[in-house]
1. Regarding the range 304-312, can at least one residue be identified that is within 16 Å of ligand 2 (Cβ to nearest atom), within 30 Å of ASN92 (Cβ to Cβ) and in contact (Cβ under 8 Å) with a residue 12 or more places away in the chain?
2. Just for the range 160-180: of the residues that are within 15 Å of ligand 2 (Cβ to nearest atom) and of a type in the set (A, V, I, L, M), which one is farthest from ALA62 (Cα to Cα)?
3. State all residues of the range 68-93 that are within 10 Å of ligand 1 (Cβ to nearest atom) and either under 14 Å from the mean Cα position of the chain (by Cα) or not β-branched (Val, Ile, Thr) (or both); if no residue qualifies, say none.
4. Please give the number of the condition TRP179 fails out of (1) more than 16 Å from ligand 1 (Cβ to nearest atom); (2) in contact with a Leu (Cβ under 9 Å, 6 or more places away or on another chain); (3) closer than 30 Å to PHE310 by Cβ.
5. Residue check: is ALA219 among the aliphatic types (A, V, I, L, M), more than 16 Å from ligand 2 (Cβ to nearest atom) and in the same structural domain as ASP190 (by TED's automatic domain parsing)?
6. Which residues, taken from the range 67-98, are part of a helix (DSSP H, G or I) and either touching a residue at least 24 places away in the same chain (Cβ under 8 Å) or in contact with a Cys (Cβ under 6 Å, 6 or more places away or on another chain) (or both)?
7. Just checking, how many residues over the range 39-66 are touching a residue at least 40 places away in the same chain (Cβ under 8 Å), in contact with a Ser or Thr (Cβ under 9 Å, 6 or more places away or on another chain) and not β-branched (Val, Ile, Thr)?
8. When you scan the range 99-124, how many residues do you find that are assigned to a loop (DSSP other than H, G, I, E, B), charged (D, E, K, R) and surrounded by 19 or more Cβ atoms within 10 Å (Cβ to Cβ)?
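The values are calculated or read from the model by the stated rules, or taken from the named source; none is laboratory data. Predicted, not measured: the structure shown is a model, and the values here were computed from it. All Cβ positions, even for glycine, are placed from backbone atoms using ideal geometry, and neighbour counts span all protein chains on display.
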Amino acid sequence: MSTPARKLAPRAAPAIEPGPRRDDLLVVEDFASAEIAVRNGVDSSRIVVLQGQQKAVALAAARAGISLGRGPLPSSPHAAPGRTLVVLPTYNEKDNLEPMLQAILAYAAVDVLVVDDDSPDGTGAIADRIAATNPRVTVLHRSGKQGLGTAYLAGFAEAFVRGYEYICEMDCDFSHAPWDLSRLLAAAHDCDLVIGSRYVRGGCTVGWDFRRRMLSRGANLYTRLWLASGIRDNTAGFRCYRSSALQQLDLAAVSAQGYAFQIEMAFRMVRAGFAVRELPIHFVDRQVGKSKMSGKVAREALMLVPKLRFRVQRGRG
Ligand SMILES: Nc1nc2c(ncn2[C@@H]2O[C@H](COP(=O)(O)OP(=O)(O)OP(=O)(O)O)[C@@H](O)[C@H]2O)c(=O)[nH]1
Ligand SMILES: [Mg+2]
């Protein structure tokens with residue numbers, strides 16, 4: 001049997017205001033209160049987390065952000081628990097990249113590394129233009145489409161060299177809400193991996209057709225049955241790793257690319273005994289650009305999961 005994901009001690013429930021009326025914003029003092037609200041069904045895009053901001057200023061910033069379609073922006077970026085690098089893999093994301101970078105940097109005090117695989121639509125040149133004027137953005141160019149797994153591994157290696165304490169994964173298509181990045185970071189201080197999860201209470205997918213929903217649910221059920229690691233959303237690509245934990249894994253042994261990469265990484269973290277927490281998120285289907293999801297990606301996961309159970313040794317990551 002696999003080692004189940006280590007459970008973290010439940011936190012004392014902070015008092016929160018009653019849930020918001022439709023179109024209202026819920027103002028909470030801190031991210032712990034926000035988590036309770038999200039688990040109770042409040043959409044995180046309607047929550048204003050003060051976390052040191054003055055209430056009137058925070059509300060004005062959030063309302064301005066929402067009216068521009070940018071969500072409940074804070075008056076200044078929320079602090080990260082330590083030096084943090086968000087690795088943003090891109091392949092043909094020319095219309096998403098600039099607004100994604102703006103949003104990430106507005107919500108959280110992080111740096112961003114764009115890993116572009118020579119996107120034919122010119123995403124790499126857009127990344128270079130932004131990086132030239134913003135020291136918080138850097139770009140890693142790779143020659144040709146080499147897959148999501150190696151893009152993340154290259155990003156991790158760069159983060160290790162540059163001494164980042166936390167490393168986030170995020171898609172560049174707004175499926176992962178930029179305001180949820182601050183929630184992941186706030187939860188990261190006392191665990192080794194935080195997963196933005198669709199399949200815990202308060203999480204969901206928005207905009208997927210029946211086939212996509214079944215594919216994702218089926219893949220997660222299959223993985224849970226085989227690996228029994230205690231993780232509900234194994235294929236999720238919205239994560240925050242503690243860099244020191246990641247460095248203890250045998251990353252050279254990781255070969256998976258698509259969803260299988262996420263499954264493998266989560267399983268290795270659990271097997272190595274690291275603390276994993278899932279936070280509910282609303283995953284929204286991309287509005288712009290094309291999905292790179294394919295039958296090949298699904299088949300890779302199907303084949304890999306049984307192998308992982310026997311191949312990845314307990315305690316060795
Ligand atoms: N560098 C790099 N980025 C990639 C590659 N494949 C996908 N990406 C990026 O990885 C992120 C996730 O890819 P998506 O196409 O959204 O695929 P997905 O999220 O698995 O599938 P959907 O749920 O259908 O959107 C996006 O930011 C892509 O641009 C790749 O081979 N190389
Ligand atoms: Mg996507």
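1. Within the range 304-312, none of the residues are within 16 Å of ligand 2 (Cβ to nearest atom), within 30 Å of ASN92 (Cβ to Cβ) and in contact (Cβ under 8 Å) with a residue 12 or more places away in the chain.
2. MET170
3. Answer for the range 68-93, where residues must be within 10 Å of ligand 1 (Cβ to nearest atom) and either under 14 Å from the mean Cα position of the chain (by Cα) or not β-branched (Val, Ile, Thr) (or both): VAL87, LEU88, PRO89, TYR91, ASN92, GLU93.
4. It is condition (3) that TRP179 fails.
5. No, not satisfied.
6. LEU97, GLU98
7. 1
8. Number satisfying all stated conditions: 1.
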